[in-house]
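Structure first, commentary second.
The values are calculated or read from the model by the stated rules, or taken from the named source; none is laboratory data. Small disclaimer: the values here were computed from a predicted structure and weren't measured. Quick reminder, even Gly has a Cβ in these numbers, built from the backbone with ideal geometry, and neighbours come from all protein chains shown. These area figures cover heavy atoms from the full protein model, side chains too; ligands, DNA and RNA do not enter into them. Shrake-Rupley method; radii C 1.70, N 1.55, O 1.52, S 1.80 Å.
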Amino acid sequence: MKKFENKNVILSGGNSGIGLETVKLFEKEGATIFVLDIADKASTELSALKNVHYLKCDISNSAEVKAAYEKAIATLG
């Protein structure tokens, strides 16, 4: 069994750099990841990962964070 199997992660800034590497580690360990990032769309490398959902979100905007959280919850059921 993988360490994060059947676990959900919400991660901000996961579209590139250290954040993307963190997403890869969570994905490798079986997590479903919701990536929040200010970029208009997910990077090609992020899009290639499975069990990853991309949500455009400016985390300095509380309304956007709330909407992203609600979308993640709705997606998971």
Exercise for review: Could you tell me what percent of the accessible area of the chain is made up of carbon and sulfur, with a 1.4 Å probe and every protein chain present?
Suggested key: 54 percent
Practice item. For the chain, find the longest principal axis of its Cα atoms and tell me its angle to the long axis of helix 62-76, 0 to 90°, nearest 10. Key: 40 degrees
Check your understanding: How far, in degrees from 0 to 90, does helix 17-28 lean away from the longest principal axis of the Cα atoms of the chain, to the nearest 10?
Key -> 50 degrees
Practice item. Take the Cα atoms of the chain, find their three principal axes, and give me the spread along each one in whole Å, biggest first. Key: 37, 28, 16
Exercise for review: Multiply the residue gap between Lys28 and Lys66 by 0.36 nm, knock off their C-alpha separation, and tell me the result in nm, one decimal place.
Suggested key: 11.0 nm
Point to revise | Solvent exposure of the chain as accessible area per residue, Å², 1.4 Å probe | key: 66 Å²
Review point. Spin-label point model (7 Å from Cα, Cβ direction): what's the Ile18 to Asp58 distance in nm?
Key: 2.4 nm
